[in-house]
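Notes for the one structure printed next.
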Ligand SMILES: [Cu+2]
């Protein structure tokens, strides 16, 4: 059997009867977790996107996600766009294309990198161009294995148009048709 994290409340007294080493490790874990809202199973960091040109209606958002227990990113939204989709990059014939996926698995303890050329979030129908230095608010919905859903608020920093992800030269293709678009 593998070790599983047991859900807890920060207000619940800890009654661990573990070995001292295990107990201090557990205490450190709980202290770290208690710095966040009690329900937080997933942390997000380094969220960013790129500045857009006036006619551009879509933009990719990149970030790092890590879950303490197996979870799945199932939904995203933003006040800056009509919709936010979860996308992957996949080969279609000889061409790398992005496509929408229903969700993205976040295995326990394993960082998941959403980056240019890979998984990303896609802002669809931007309400206004994204300007460098702004922060785009995002709301992510993550579902645990027990079906419980949690919401995670994230701000994505708008980087220059020319920004590329770390370690990737594969830029995000702009302006291609998204299935749900009306034009
Ligand atoms: Cu995309």
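Return a yes/no flag: does the range 59-78 have any residue that is over 16 Å from the mean Cα position of the chain (by Cα), within 15 Å of the ligand (Cβ to nearest atom) and either under 17 Å from residue 165 (Cβ atoms) or in contact (Cβ under 8 Å) with a residue 40 or more places away in the chain (or both). No: the range 59-78 contains no residue that is over 16 Å from the mean Cα position of the chain (by Cα), within 15 Å of the ligand (Cβ to nearest atom) and either under 17 Å from residue 165 (Cβ atoms) or in contact (Cβ under 8 Å) with a residue 40 or more places away in the chain (or both).
So that you can scan it fast, the table gives a plain yes or no per residue for (1) in a loop (DSSP other than H, G, I, E, B); (2) out of contact with any strand residue (DSSP E or B) (no Cβ under 9 Å at 6 or more places or on another chain); (3) within 27 Å of residue 149 (Cα to Cα):
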site: 48; (1), (2), (3): no, no, yes
site: 53; (1), (2), (3): yes, yes, no
site: 63; (1), (2), (3): no, no, yes
site: 66; (1), (2), (3): no, no, yes
site: 85; (1), (2), (3): no, no, yes
site: 96; (1), (2), (3): no, no, no
site: 121; (1), (2), (3): no, no, yes
site: 124; (1), (2), (3): no, no, yes
site: 133; (1), (2), (3): yes, no, no
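Taking the range 153-165, which residues are modelled with pLDDT of 95 or more and farther than 15 Å from residue 114 by Cα?
153, 158, 159, 160
Selection of the range 113-139 for residues being in contact (Cβ under 8 Å) with a residue 40 or more places away in the chain and either more than 16 Å from the ligand (Cβ to nearest atom) or in contact with a helix residue (DSSP H, G or I) (Cβ under 7 Å, 6 or more places away or on another chain) (or both) yields 127, 128, 129, 131, 132, 137, 139. Return yes or no: is residue 88 under 24 Å from residue 164 (Cα atoms) and surrounded by fewer than 18 Cβ atoms within 10 Å (Cβ to Cβ)? Here the answer is yes, as residue 88 does meet what is asked.
The values are calculated or read from the model by the stated rules, or taken from the named source; none is laboratory data. The structure displayed is predicted, hence computed values, not measured ones. When we count neighbours, we look across all protein chains shown, and the Cβ atoms used for this are built from the backbone with ideal geometry, even at glycine.
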